[in-house]
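Asker: Submitted below is the structure of interest, expressed as structure tokens.
The values are calculated or read from the model by the stated rules, or taken from the named source; none is laboratory data. Bear in mind that the values here come from a model prediction, so they are computed numbers and not experimental data. So basically every Cβ, Gly included, is an ideal-geometry build from the backbone, and we count neighbours across all protein chains shown.
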């Protein structure tokens, strides 16, 4: 795994190795990340990354949030509860020397604390097929993590319908990965 573009372009991230089967680590492939960030960097989503405050739910290795930092985001809060994922995430933050721009919450994404400030861009990448995305998104909104017009990028094994209060703006398929992009607050 590596950072695809931006100020950390080409920098390698910590190897997942055999990982931990129980941790459900499934880092977003470099080519999927590259395609996703090309979408977020242009067209109707242009400017999304510049100075963004990002919430990376089910962060795993942190590849999505770190790619956002590389491409202009100001700050990322990473949320995960897995021991192996947290070790890899902290190593990746150290490798890129972005400790000042990152916060790691050791938490179940469905049990978030109150936010100090809302985020403009939310990455939601729950373990596939476990129905964890909707409750995590609801909790994040309840606890003030999601700005009124935030963009949500939801990665799952199938396209996701926008929950109440969100409008799906785009859907992309990359093999067995579906990316549903939604905006909060639009009818």
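Asker: Hey, could you check the stretch 14-32 for residues that are out of contact with any strand residue (DSSP E or B) (no Cβ under 6 Å at 6 or more places or on another chain) and at pLDDT 85 or above and say which is surrounded by the fewest Cβ atoms within 10 Å (Cβ to Cβ)?
Answerer: 31
Asker: A follow-up question, please. Go through the stretch 43-161 and tell me which strands (runs of 3 or more DSSP E), entirely inside it, have 2 or more residues that are touching a helix residue (DSSP H, G or I) at 6+ places or on another chain (Cβ under 7 Å) and closer than 21 Å to residue 173 by Cβ.
Answerer: 119-124, 146-156
Asker: Any residue at all in the stretch 167-181 that's in a helix (DSSP H, G or I), in contact with a strand residue (DSSP E or B) (Cβ under 8 Å, 6 or more places away or on another chain) and either in contact (Cβ under 8 Å) with a residue 60 or more places away in the chain or over 23 Å from residue 63 (Cβ atoms) (or both)?
Answerer: Going residue by residue through the stretch 167-181, those that are in a helix (DSSP H, G or I) are none.
No, the stretch 167-181 contains no residue that is in a helix (DSSP H, G or I), in contact with a strand residue (DSSP E or B) (Cβ under 8 Å, 6 or more places away or on another chain) and either in contact (Cβ under 8 Å) with a residue 60 or more places away in the chain or over 23 Å from residue 63 (Cβ atoms) (or both).
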